[in-house]
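Here the structure is laid out as structure tokens; the discussion comes afterwards.
The values are calculated or read from the model by the stated rules, or taken from the named source; none is laboratory data. Keep in mind that what you see is a predicted model, and the values were worked out from it rather than measured. So basically every Cβ, Gly included, is an ideal-geometry build from the backbone, and we count neighbours across all protein chains shown. Surface accessibility is based on the protein's heavy atoms, side chains included, excluding ligands, DNA and RNA. Shrake-Rupley method; radii C 1.70, N 1.55, O 1.52, S 1.80 Å.
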Amino acid sequence: MLFDWAAQPFFTVITTFIFAPYFVSRLTADPVHGQAVWGYTLAASGIVIAVLSPVLGAIADASGPRKPWIGFFAVIKILSLVLLWFAVPGSPLIYPAICLALATVAAEFSIVFNDSMMPRLVSEEEVGRISNIAWALGYLGGMIVLIAVIALLAGNPVTGKTALGLDPLFGLDPAKGEDARITGPISAAWYLIFTLPMFLFTPDATRAAMSLRQATTSGLADLKGTLGELKQRAGILRFLIARMIFQDGVNGLLALGGTFAAGMFGWQTMELGLYGIILNVVAIGGCLYASWLDARLGSKAIVVTSLICLTLATLGITSTGPGFTLFGLVPLPNDDSGGLFGTAAEKAYIVYGLLVGIAFGPVQASSRSYLARSVAADEAGRYFGLYALSGRATSFLAPASVATITVMTGSARIGMMALVAFLAAGLIILLRTPYPAYRPA
């Protein structure tokens with residue numbers, strides 16, 4: 001559970017609310033170009049994750065322990081995040097894009113190995129509750145880092161003061177993007193410190209009596225067998241296909257929602273950070289409530305309900321702009337109160353964001369427990385590798401679709417509409433999927 005606490009700030013402050021919007025709207029003078037590059041960065045990292053996750057999961061099953069793999073990718077992730085400090089406004093986008101891609105790949109591979117430990121540690125009856133609580137714990141960790149950035153580090157470009165009216169710590173200059181750039185080293189330090197309890201105290205699988213080369217050969221053979229097993233396990237195959245599609249929409253919404261708001265309303269680090277805090281508070285409550293419901297209604301009911309909420313929220317977000325919402329059917333006053341989120345359109349955007357906050361934690365946590373209830377412990381590495389594949393196999397399609405449509409139309413709103421199709425299609429397939437997807441012997 002502490003692994004989720006350690007890992008989440010990367011997704012909260014780097015890929016969603018602080019650094020990604022900075023990458024799109026402040027690191028470059030052209031937000032449309034910035035969003036396109038960010039979308040292609042996500043697509044490239046998604047392809048690598050999709051290709052290698054099932055292979056690494058199968059090798060881990062054969063070799064036994066997961067912690068050495070997590071440690072190896074932790075080094076890559078931490079170094080890549082530290083280097084984000086050098087992403088100065090006006091510098092080439094290619095270098096921070098490479099660092100972001102490496103950090104994303106390392107983060108996702110680490111999650112594969114961490115998730116595959118769960119069936120050995122948690123009973124089938126408890127897995128849904130533990131998964132959702134762990135996800136809530138992760139959001140709490142991400143929110144703490146986000147609050148610290150907003151309260152102590154991110155200065156208003158006009159006044160130079162933080163949300164508490166203080167001078168930014170360490171003399172950070174918002175005009176140079178230092179308030180956003182510092183989130184890289186902070187996320188790296190947080191991850192380094194709080195993964196230590198997992199390494200020190202969580203039991204791991206015993207080491208198999210084979211070398212890495214032998215484990216690789218054996219793991220690849222087991223992966224081939226697992227792919228063949230899917231013909232007999234049609235429920236798992238259908239679940240993985242559904243998740244392949246809807247998780248692409250979820251990933252795109254989380255990665256691009258903040259950048260969309262930054263470009264649409266001109267939100268800076270402070271507004272984006274406060275928006276992120278609001279979403280994380282709601283997400284923690286959503287996960288804790290879902291942990292109770294999952295044990296009573298089952299993981300499938302939680303995932304289906306969450307997807308409905310996310311589809312409606314995405315429609316609301318993409319239909320909102322200065323002076324209107326719901327594609328102009330509901331006009332809104334353009335008056336600006338002068339404070340944070342001062343226009344009616346910004347307030348409407350936050351309301352839709354609350355639906356995202358309620359649902360985006362449970363849809364992922366209960367998907368994880370959905371699979372954990374459907375596989376045996378000794379095959380968890382292979383199937384969670386395929387699970388990661390299902391979350392990434394088409395992951396390049398959503399950001400690439402958003403980026404390409406944005407470039408072709410010159411409209412970030414039209415580009416973001418592509419996410420609705422992914423969420424809705426995945427939901428339709430999931431409705432016809434059994435639960436559990438397969439009952440292991």
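Would you confirm, using the coordinates I've provided, whether Ser299 is under 17 Å from the mean Cα position of the chain (by Cα) and in contact (Cβ under 8 Å) with a residue 40 or more places away in the chain?
Here the answer is no, as Ser299 does not meet what is asked.
Working carefully through the options Ile302, Ile308, Ile317, find the one that is more than 23 Å from Glu346 (Cβ to Cβ), of a type outside the set (Asp, Glu), open to solvent by less than 20 Å² (accessible area, probe 1.4 Å) and touching a helix residue (DSSP H, G or I) at 6+ places or on another chain (Cβ under 9 Å).
After applying the criteria, what remains is Ile302.
Restricting to the stretch 227-281, and then to whatever is under 28 Å from Lys300 (Cα atoms) and of a type in the set (Asp, Glu), can you tell me which residue is least open to solvent (accessible area, probe 1.4 Å)?
Restricting to residues being under 28 Å from Lys300 (Cα atoms) and of a type in the set (Asp, Glu), the top hit is Asp248.
Looking only at the stretch 104-125, how many residues end up being part of a helix (DSSP H, G or I) and without any contact (Cβ under 8 Å) to a residue 60 or more places away in the chain?
1
Yes or no, residue by residue, for (1) in contact (Cβ under 8 Å) with a residue 60 or more places away in the chain; (2) open to solvent by 10 Å² or more (accessible area, probe 1.4 Å); (3) charged (D, E, K, R):
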| residue | (1), (2), (3) |
| --- | --- |
| Ala344 | no, yes, no |
| Asp378 | yes, yes, yes |
| Pro399 | yes, no, no |
| Thr409 | no, yes, no |
| Ala412 | yes, yes, no |
| Phe422 | yes, yes, no |
| Leu427 | yes, yes, no |
| Arg432 | yes, yes, yes |
| Tyr438 | yes, yes, no |
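Taking the stated definitions as given, is Leu152 surrounded by fewer than 24 Cβ atoms within 10 Å (Cβ to Cβ) and of a type outside the set (Asp, Glu)?
Yes: the conditions hold for Leu152.
Only one of Ala6, Ala58 is within 23 Å of Ala205 (Cα to Cα), in contact with a Phe, Trp or Tyr (Cβ under 6 Å, 6 or more places away or on another chain) and of a type outside the set (S, T, N, Q); which?
Sole residue among the options that is within 23 Å of Ala205 (Cα to Cα), in contact with a Phe, Trp or Tyr (Cβ under 6 Å, 6 or more places away or on another chain) and of a type outside the set (S, T, N, Q): Ala6.
Among the numbered criteria (1) open to solvent by less than 10 Å² (accessible area, probe 1.4 Å); (2) under 16 Å from the mean Cα position of the chain (by Cα), which one does Gly34 miss?
(2)
Return the residue satisfying two criteria in turn: it lies in the stretch 332-350 and is over 25 Å from the mean Cα position of the chain (by Cα) and closer than 27 Å to Ala421 by Cβ, and of such residues it is modelled with the highest pLDDT.
Filtering the stretch 332-350 for residues that are over 25 Å from the mean Cα position of the chain (by Cα) and closer than 27 Å to Ala421 by Cβ, the one modelled with the highest pLDDT comes out as Ala345.
Could you tell me which of the residues Gly46, Gly90, Gly128, Gly64 is at positive phi and in contact with an Asp or Glu (Cβ under 9 Å, 6 or more places away or on another chain)?
Gly64
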